[in-house]
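Okay, so here's the structure we're looking at.
The values are calculated or read from the model by the stated rules, or taken from the named source; none is laboratory data. These numbers come from a predicted model, not from an experiment. Virtual Cβ from ideal backbone geometry, glycine too; neighbours counted across all protein chains shown. Accessible surface is based on the protein model in full, side chains and every heavy atom, while ligands, DNA and RNA are left aside. Shrake-Rupley method; radii C 1.70, N 1.55, O 1.52, S 1.80 Å.
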2 protein chains.
Amino acid sequence: MSRCHRTFHTVLMFGILLLFVFTTIAVFTYNDSDFWKTASPILSTKPSPYDNSPLCNCQNTEPANKYVSVDELEDFRKRRAEEYRQHQIRMGKQNDVLLLAPANTPLQYPIKGFRVSPLKKTLIPGLALQTQNRKLYKVSLRVHKGVLSVMDIQGGEHVDGQNEQTLTISSSSLHQLNDLLSRVTYTSTVYHIKTEDLGLFSFENYKVTFPIEIRRLSVPVLFDPGKDINSQVTILVKAFLRYKELNVLIRSIRQFYPNIKIIIADDSHDPEKVVGDNIQHYIMPPAQGWFAGRNLAVSQVTTKYFLWVDDDFVFLNETRIESFVKIMEAVPELDVVGGDVGGNQFLFKLDYEEGNREEGGCITRVMGSHAPLPGFDGCYFADGVVNYFMGRTDAVRRVGFDPFLKRVAHTEFFIDGLGDLLVVTCKGLRIGHQERHSTNIYNQYRYPPQSDSQQKMRHHYFKNHLKCIKY
Amino acid sequence: MSRCHRTFHTVLMFGILLLFVFTTIAVFTYNDSDFWKTASPILSTKPSPYDNSPLCNCQNTEPANKYVSVDELEDFRKRRAEEYRQHQIRMGKQNDVLLLAPANTPLQYPIKGFRVSPLKKTLIPGLALQTQNRKLYKVSLRVHKGVLSVMDIQGGEHVDGQNEQTLTISSSSLHQLNDLLSRVTYTSTVYHIKTEDLGLFSFENYKVTFPIEIRRLSVPVLFDPGKDINSQVTILVKAFLRYKELNVLIRSIRQFYPNIKIIIADDSHDPEKVVGDNIQHYIMPPAQGWFAGRNLAVSQVTTKYFLWVDDDFVFLNETRIESFVKIMEAVPELDVVGGDVGGNQFLFKLDYEEGNREEGGCITRVMGSHAPLPGFDGCYFADGVVNYFMGRTDAVRRVGFDPFLKRVAHTEFFIDGLGDLLVVTCKGLRIGHQERHSTNIYNQYRYPPQSDSQQKMRHHYFKNHLKCIKY
């Protein structure tokens, strides 16, 4: 092969390489284009990428909106649409855009882990140009929620747009250009504690986009676990009328845990005194309900963990609070560990599809678990567990028990916690269930009329932006 | 210039280009290297990048640990270090690593917005190779918390490592290779609801790393704002002994808002009945304290917003709850809007440095604001405000009022909320303050002994992982 062929061949090869570069940039610029429309993080109304999510359906279930009367349905829908719009903005869904790194660009840039504090000047790490053979090297950077600048500019360094949204840097020396790039800073100008900007970095026809995370640092919130079970765990009970059962429960607790703190949330009509060391009895207005009581009790906990028990449970010889703590301490990411009540673990999964913006999502409760918890025989990941569980106080508080739900409610807590709470259930963490001998008055409340569950469905249709729920 | 010169020149140019490529990859691989140590998301103990944070200091303050007695200090420190370690794991700090996109690689890949559900097979978007002139094109992909596969493999397509952590794809046709790359899926194998994996994508000596977000979808939690102020806002009060003032407050509320719900958390020793329509009076065990009461009240709210008032405030002609709502509805990202109490806005900022792992952070309270709220004259972003504010129920619940803090406490809520709550304060949202004529008993509690504030400092030293606090 002659020299001239070799020349031709090399040049051709290089040409084709460039061709590919431009194609990629075209594709990429397209992907990226609509991003520059993003408005201020505060008033942004950019619709979320989920707007085009497919419809979802839970077979053989009545749509949730069946529980809203026809004459108020339209108004109800409007209010829900507006609350959902606000929710998407709060969740930063307008930043959920796919970004690609194009091939064959001479630009180096940060793609992850670059965080800035709001309004604070911060160096942008890793910016560089890696090419050759230009008389003049010229790059530009552009951002939207802040301004750019180069620190400590010396004479002879060419920078345009200091403290503006678009910065242009040029030099006849690649080395000097990269030195300047290593001193580029970003300062957000719109105050926000959790949002994102995008940096557009370009050279000739090459363009790349990188994320800039704008975040105010949080202060850790830790619980001092102290040295024994009493400083680690509080026992929580919701009481209503059944004082006989409640006192059996308390006696059984004291038999094994004489000093552990017990918090009782009581919404009985004529509250009886519940006495004993380290028992905190809270009197609620009558019949505030089940989840209001749970939320009250959790709000008063000062220990790292709490143990939820119903008022008609009973501690057995094998009931060991320490076993829950051991698992949670070994796996700090766990938020809820469920036990078993007289052999029943009631573990379930929640299949959830977001659905589209207008109709809302679909949720189906399915009995079963996701996967075993590595290293703990008999423990399985699930989305929900039985009424006997240990919770990480701060994590459960963040989800909370919706006080709107007065009577039958349990799964609803785990629906609200989906994606927030890491839940497992373990075999052999046993507590007993007292024999039922509840009164008529109690049953009136325990087994509410149809109207109640219709109210509940209506509530979920709005609150969880659902189209249907299947239990 | 002769042809032979041109050949030489082009080849040289190309050579130098490659030289740059390899340098970058070297740098990049170095940045990236320690990442492959990441253990299972569940049991990961990889220290956080903040371990090397510089020491911080708040001048002229006594270190928080001064409030822990010498003989228990070591034990106290050990417990705090362990809780902090768990906290870093829970916050996913082990994923806080800076990733760079190297220049001049022929690989295209996603750098942002690629989310997968745990254990669910998901296409990896945007993978491509853009080069030329190879007899055989061969790329490989590697992940750590999941497995890879190519969908619908046909005869004649060369894929090794289906459903394994490392996948290798080869073809003599670039077009076929890219077709195969467009069908690559990722399936996480360790169940986790919020964690991250990294994909290592390589071709010849080119290596890039891209983030894979593993996240369980959350269900929205919305509040139905209804149609009037009574369905949007609940008024919250913490009562203790001062029933005279409390009743003045309630009468003043009823004068302007006859039907709005009022929730009262009362930890008086001998609680008096507080009666009236739509007043919910909660009786706590005696002297549970200020923040326990606040947390109880917030836990019972069923409206989208609540208005916090002290028991000795009084509604004036100019007291308009609607003004708070208007601002929060216009700016959905706001969590707290502060007003003014007899002309006092008490707005402050919190300067916080994380400090290092052993010593902890430094926090200083500084009077003043961050920046104006665009579009709202007289409103300014701050980190904390006066005792008269409207809160977004779900957001404030997520932070909560630490029930450990019994007496003097206010700033502590905003410290816990730093980075979570977007706070503004606005001029002219006025409420009145009743004249003080509090009893001796009240003052005993209101102005606690020195020992109390020492307990408090000790608490913060542990809880917020602090080295010093400066008010």
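Computed about the Cα centre, the dipole magnitude for the protein assembly as shown is approximately 1520 debye when only Lys and Arg (+1) and Asp and Glu (-1) carry charge, each at its Cβ.
If you average the sequence gap of Cα pairs under 8 Å that are 6 or more apart and divide by the length of region B:105-215, what percent do you get for the contact order? All intermediate terms of the calculation are to be shown ahead of the outcome.
Values: 263 pairs, mean separation 41.3, N = 111.
With pairs under 8 Å counted, the relative contact order is 37 percent.
Kindly state, to the nearest 0.05, the FRET efficiency for residue B:60 paired with residue B:329, given R0 = 60 Å and r defined as their beta-carbon distance. Write out the running numbers ahead of the final one.
Details: r = 43 Å, r/R0 = 0.72.
Once the sixth-power term is evaluated, E becomes 0.90.
Database remark: amide H of residue B:470 closer than 5 angstrom to the amide H of B:363, B:364, B:365 (H placed geometrically; neighbours at sequence offset of 5 or more, or on other chains; Pro and chain starts carry no H).
How many partner chain Cβ atoms sit within 10 Å of a residue's Cβ in peptide A:303-314, on average, as a whole number? Kindly include the intermediate steps, with their values, before the conclusion.
Working: counts 1, 2, 0, 0, 0, 0, 0, 0, 0, 0, 0, 0.
The per-residue average across the peptide is 0.
Between residue B:351 and residue A:251, the simple label model (points 7 Å from Cα in the Cβ direction) yields a spacing of 6.2 nm. For the set A:349/B:121; A:463/B:121; A:78/A:194; B:304/B:349, the pairs lying more than 20 angstrom apart at their alpha carbons are A:463/B:121; A:78/A:194; B:304/B:349. Pairing chains B and A buries close to 11200 square angstrom of accessible surface in total, based on protein heavy atoms and a 1.4 angstrom probe.
Please report the net charge: other residues with Cβ closer than 12 Å to the Cβ of residue A:328, K and R +1, D and E -1.
So the environment of residue A:328 carries a net charge of 0.
From Cα pairs below 8 angstrom and at least 6 apart in sequence, can you work out the relative contact order of chain A, rounded to a whole percent? All intermediate terms of the calculation are to be shown ahead of the outcome.
Details: 879 pairs, mean separation 74.7, N = 471.
Once divided by the residue count of chain A, the mean separation gives 16 percent.
The C-alpha atoms of chain B define a longest principal axis, and helix B:70-90 lies at about 60 degrees to it. Taking every DSSP bridge with both residues inside chain A, close to 70 percent are antiparallel. Near residue A:316, the amide H atoms lying under 5 Å from its own belong to A:432; only residues 5 or more places off or on other chains count, and H is placed 1.01 Å from N.
Nearest 10 degrees, 0 to 90: what angle lies between the long axis of helix A:321-330 and the longest principal axis of chain A (Cα atoms)? Roughly 0 degrees, rounded to the nearest 10. The mean number of partner chain beta-carbon atoms within 10 angstrom of a residue's beta-carbon across peptide B:106-118 is 6. Over region A:299-396, the alpha carbon radius of gyration divided by the compact-protein estimate 2.2 N^0.38 Å works out to 1.23.
Near residue B:266: Cβ cut-off under 11 Å, other residues only, Lys/Arg at +1 and Asp/Glu at -1. The net charge is -1. Once you reduce region A:356-422 and region B:244-309 to the center of their Cα atoms, the two points are 31 Å from each other. Each residue of chain A gets 218 Å³ once the volume of the Cα convex hull is shared out per residue.
On a 1.4 Å probe surface of the protein chains, which of B:354, A:435, A:74 comes out largest in accessible area, and what is the full order? Walk me through the numbers on the way to the answer.
Details: B:354 25, A:435 145, A:74 125 Å².
The most accessible residue leads, giving A:435, A:74, B:354.
One quarter of the convex hull surface, Cα atoms only: what value does that give for region A:180-295 in nm²?
Working: hull surface 57.7 nm².
For region A:180-295, the mean projected area of the Cα convex hull comes to 14.4 nm².
Compared with the dominant principal axis of the Cα atoms in chain A, helix A:243-256 is inclined by about 70°. Rounded to the nearest 10 square angstrom, residue B:353 shows an accessible area of 90 square angstrom against a 1.4 Å probe.
For every helix of n ≥ 4 consecutive DSSP H residues, a contribution of -39,500 (n - 2.57) applies; sum these over chain B, divide by its total residues, and give [θ] at 222 nm rounded to the nearest 500 deg cm²/dmol.
Working: 11 runs with 133 residues, N = 471.
So the helix-based figure for chain B works out to -9000 deg cm²/dmol.
Inter-chain Cβ neighbour count for B:129-139, averaged per residue, equals 3 (cutoff 10 Å, partner chain atoms only). In this view, the solvent-accessible surface of residue B:457, computed with a 1.4 Å probe and all protein chains in place, comes to about 30 Å². Aspartates and glutamates within cross-link reach of residue B:207: Cα-Cα under 12 Å, excluding same-chain residues under 8 positions apart? Hits, sequence-local ones excluded: B:32.
Accessible surface calculations at 1.4 Å, restricted to protein heavy atoms, place the protein assembly as shown at 41 Å² per residue.
If the only charges are +1 at each Lys and Arg Cβ and -1 at each Asp and Glu Cβ, what is the size of the charge dipole of chain B around the Cα centre, to the nearest 20 debye? Don't skip to the answer; put the middle values down first.
Working: 55 positive and 51 negative charges, 178 e Å.
Here the size comes out at about 860 debye.
In order along region B:60-69, phi translates into HN-Hα couplings of 6, 10, 6, x, 4, 5, 4, 8, 10, 5 Hz, rounded to whole numbers, per the Karplus curve 6.51 cos²θ - 1.76 cosθ + 1.60 with θ = phi - 60° and x for Gly and Pro. Scalar couplings 3J(HN,Hα) for region B:92-98, obtained by applying the Karplus form with A = 6.51, B = -1.76, C = 1.60 to θ = phi - 60°, are x, 5, 5, 8, 6, 10, 7 Hz; x denotes Gly and Pro. Taking all protein chains together and a 1.4 Å probe, the residues A:451, A:149, A:218 rank A:451, A:218, A:149 from largest to smallest accessible area.
Can you give me the Cα centroid spacing of region A:130-180 and region B:201-232 in angstrom? Cα centroid of region A:130-180 versus Cα centroid of region B:201-232: 35 Å apart. Amide H contacts for residue B:261 (H built 1.01 Å from N in the peptide plane; partners 5 or more residues away or on another chain; cut-off under 5 Å): B:235.
Counting only protein heavy atoms, what percent of the accessible surface of region B:229-470 is carbon or sulfur at a 1.4 Å probe? Before the final figure, lay out each step's value.
On the way: 4160 of 8500 Å².
That share works out to 49 percent.
Its convex hull of Cα atoms gives the protein assembly as shown a direction-averaged projected area, equal to a quarter of the hull surface, of 42.8 nm².
Given a 1.4 Å probe and the protein chains as shown, residue A:166 ends up with an accessible area of around 60 Å².
Contact order for region B:229-470, expressed relative to its length and based on alpha carbon pairs under 8 Å spaced 6+ residues apart, stands at 24 percent.
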